[in-house]
Amino acid sequence: MSSARGKLVGNSLALLANQVTQNATSFILSVSIARILGPYELGQYTLAFTFYFIFMTLSSQGLKTLLTREIAKTPDKLQTYLVSGTVVQIALSLTAYTALFLLVYLLPYRPATQTLCWIVGAALIPYGISNVTEAIFQAQERMHLITISTVPIYILRLIVMFVVLKLNYSINVVGLILVVSEGIILLIEWAFILRINSPLRWTIDWQFIREILLKVRTFLAIEGVSVFKLRMQVFFLSLLAGETVVGLYGATVQLLQPFQLISQSLVVAALPSFARVNSEDTDRLQRLVETIISVLLVVAVPLLIGFIFIGGDFLVFIYRDRQFYEAGNALIIAGMMMIPLSITRALSYVMMAKGYERINLRTVVSNTVIGALISIALIPPLQAIGAAVSALIVEMSGAAQFYYVVRNRLFSLRIQNILRKPLLVGAGMVLLFLVLKALQAPITVIIIVTGAAFCMMAGLIIIQMLNLQETLIKKIFRRASRQTAG
C-alpha cells in the first residue's frame with residue numbers, strides 16, 4: 001500500500017513539476033516580449049499561440065485521453081497503440097495544421113501576424129505526436145519520463161528565446177524556436193519509448209485505426225468546445241479590436257495563472273474521493289466540496305482585492321510599459337472570474353464523478369454560445385474590458401447552472417460555511433492595503449508586504465482546511481474498503 005501511495009505521489013509531483021515549469025516559462029516569456037518589444041508584438045504572439053493551442057487541443061488532447069485509458073486497460077496491445085496511434089495522430093495533426101493555415105489565411109490579419117500564426121501553428125505536429133508517447137508514460141505510471149523530457153527543454157527554450165529577443169531578432173524567430181523545441185521533446189520521448197519497448201514491431205493495424213477514429217469523436221467534441229470557450233475572447237479581440245488590445249488582455253489573463261494552476265490541481269486530486277462517495281455519504285461529499293470551494297476562495301478573494309487596489313500599477317510593474325496601465329480595469333473584471341470559477345471547478349468534477357458528463361458538455365456548449373454572442377456585442381465598444389466582461393458572464397452562468405443541478409440532484413451548498421474564512425482573509429487584506437495606501441508606500445513595498453501577508457494568512461487557513469479534507473477522504477476510503485470487503 002505504501003509503495004502504491006509513493007508511486008502516486010511521485011507521479012503527481014512529476015506532472016505538477018511539468019505543469020508549473022510550462023506555466024512559469026510561458027509567463028516569463030510573455031513578460032519578456034512585452035518589456036522588449038511592446039504590447040503589439042505580445043498581442044501577435046498571444047494570438048498565434050491561441051490558434052496553436054486551439055488546434056493542438058482539437059487534434060491531440062482527446063486522442064491522448066482515449067489512448068491513456070485504453071493502454072491502461074489493455075497493456076498487452078501497447079505496441080499497436082504506439083505505432084497505429086501515432087499514424088492516427090500524424091493524420092489528425094496534419095489535418096489540423098492545414099485547417100489552421102487556411103483559417104488564418106482567410107481572416108483579415110496583417111501579413112506579419114499571419115506568418116507568425118503559421119510558424120507557431122507548425123508546433124502542433126511534433127506536440128501532437130509526442131502526446132501518444134506521453135499517453136503511454138501515463139498509462140504505465142512513468143510520468144517522471146514526461147518531466148525529464150520536457151522540463152529541461154522548457155527552461156533552455158526560455159533562455160534561448162530571451163537571448164534572441166535581446167538581440168533584436170523578430171518575433172518570428174521566437175515562434176520558430178517553439179517549433180524546434182517541441183521537435184526535440186518528441187525525439188527525447190521516442191528515445192525513452194524505444195528503450196522501454198524494444199524491439200518494436202512497426203506494423204500498422206488499419207482495423208484498429210478505424211476503431212480509434214470512431215471512439216475518439218466524442219473526446220474531440222468535448223475538448224474542442226472546452227478549448228474554444230477558454231480562448232474565444234482572444235479570438236474575437238483579434239478580429240474586432242486588433243493585436244495591441246489582444247496583448248493588453250493577454251497580459252491581464254496571465255496574472256490569473258497561479259489561481260488556475262491551484263484550482264485545477266486541487267479538484268483533479270479530489271476526483272477519486274468524489275467518485276468513491278456513495279449516495280448515503282452525501283453529507284461527507286457536501287463537506288468535502290464546501291472545503292475545496294472555500295480553499296479556492298481563500299486564494300481568489302485576496303488576489304481580487306489586490307487587483308482592485310493596485311491592478312494598473314501592478315501591470316506596469318510587471319511589464320514595464322505604461323500602456324498596460326489602461327488594462328487595470330480589465331484585470332479587475334477578469335479577476336472577478338475567480339469567484340464563480342471556484343464553484344464551477346469543484347461542482348463540475350462532482351458531476352463528472354457521479355456520471356453526469358452530459359450535463360458538463362451541455363453546460364460548456366451553452367456557455368460557449370453565450371460567451372460568443374456577448375463578446376461580439378461588447379468587444380467593439382469596450383475592447384479589453386468587453387472581453388473581460390464576456391468571460392465573467394460565462395463563468396457566472398456556468399457556476400449558476402452547476403449549482404442548480406447539484407442542488408437538485410445531490411445537495412445544497414451551505415454558503416455561510418464556504419464564505420467565512422475567505423471573507424476573514426479578504427478583510428485582513430483590505431485593512432493592510434488601506435494602511436499601506438495611507439502611508440503612501442511605494443508599489444514595490446506594497447507588493448512585498450501584501451504578498452507576504454497573503455501567503456502567511458492564506459497558507460495557515462488552507463493547511464487547516466486541507467487537514468479537514470484529508471480526514472474526510474480517509475473516512476470515505478475506509479467506508480468504501482469496508483463495503484468492498486463485505
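The values are calculated or read from the model by the stated rules, or taken from the named source; none is laboratory data. What you see is a predicted model, and the numbers here were worked out from it, not measured in a lab. Using ideal geometry, Cβ is built from the backbone for each residue, glycine included, and neighbour counts are taken over all protein chains shown.
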>> For the condition in contact with a helix residue (DSSP H, G or I) (Cβ under 8 Å, 6 or more places away or on another chain) and farther than 21 Å from Leu178 by Cα, what is the one hit in Leu94, Leu82?
In response: Leu82
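Among the residues of the range 313-322, is there at least one that is assigned to a helix (DSSP H, G or I) and at pLDDT below 90? Talk me through it step by step, then tell me what you get.
Filtering the range 313-322 down to residues assigned to a helix (DSSP H, G or I) leaves 313-319, 322.
Right, trim to at pLDDT below 90 and you get 322.
Within the range 313-322, one or more residues are assigned to a helix (DSSP H, G or I) and at pLDDT below 90.
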> On the given criteria, is Ile33 buried (at least 19 other Cβ atoms within 10 Å of the Cβ) and modelled with pLDDT under 90?
Replying inline: no
> When you go through Thr98, Thr80 one by one, which is the residue that is at pLDDT 95 or above and more than 23 Å from Glu243 (Cβ to Cβ)?
Replying inline: Thr98
> In the list Val179, Val104, Val160, Val88, which residue meets the criterion of being out of contact with any Lys or Arg (no Cβ under 9 Å at 6 or more places or on another chain), surrounded by fewer than 16 Cβ atoms within 10 Å (Cβ to Cβ) and part of a helix (DSSP H, G or I)?
Replying inline: Val160
>> Which pairs turn up if I take residues in the range 252-263 that are within 14 Å of Ala458 (Cβ to Cβ) and in contact (Cβ under 8 Å) with a residue 60 or more places away in the chain and look for partners that are part of a helix (DSSP H, G or I) and among the polar types (S, T, N, Q) with beta carbon separation below 8 Å, at least 6 apart in sequence or on another chain?
In response: Ser263/Ser342
> Mind checking whether some residue in the range 354-363 is within 27 Å of Val430 (Cα to Cα), touching a residue at least 24 places away in the same chain (Cβ under 8 Å) and part of a helix (DSSP H, G or I)?
Replying inline: no
> If you scan the range 180-204, which residues turn out to be modelled with pLDDT under 75 and of a type in the set (D, E, K, R)?
Replying inline: Arg201
>> Please verify whether Leu248 is assigned to a helix (DSSP H, G or I), under 21 Å from Phe314 (Cβ atoms) and assigned by TED's automatic domain parsing to the domain that holds Pro380, treating the condition exactly as stated.
In response: no
> Any idea which residue in the range 115-126 is nearest to Ile193 (Cα to Cα), counting only those that are surrounded by fewer than 24 Cβ atoms within 10 Å (Cβ to Cβ) and not aliphatic (A, V, I, L, M)?
Replying inline: Pro126
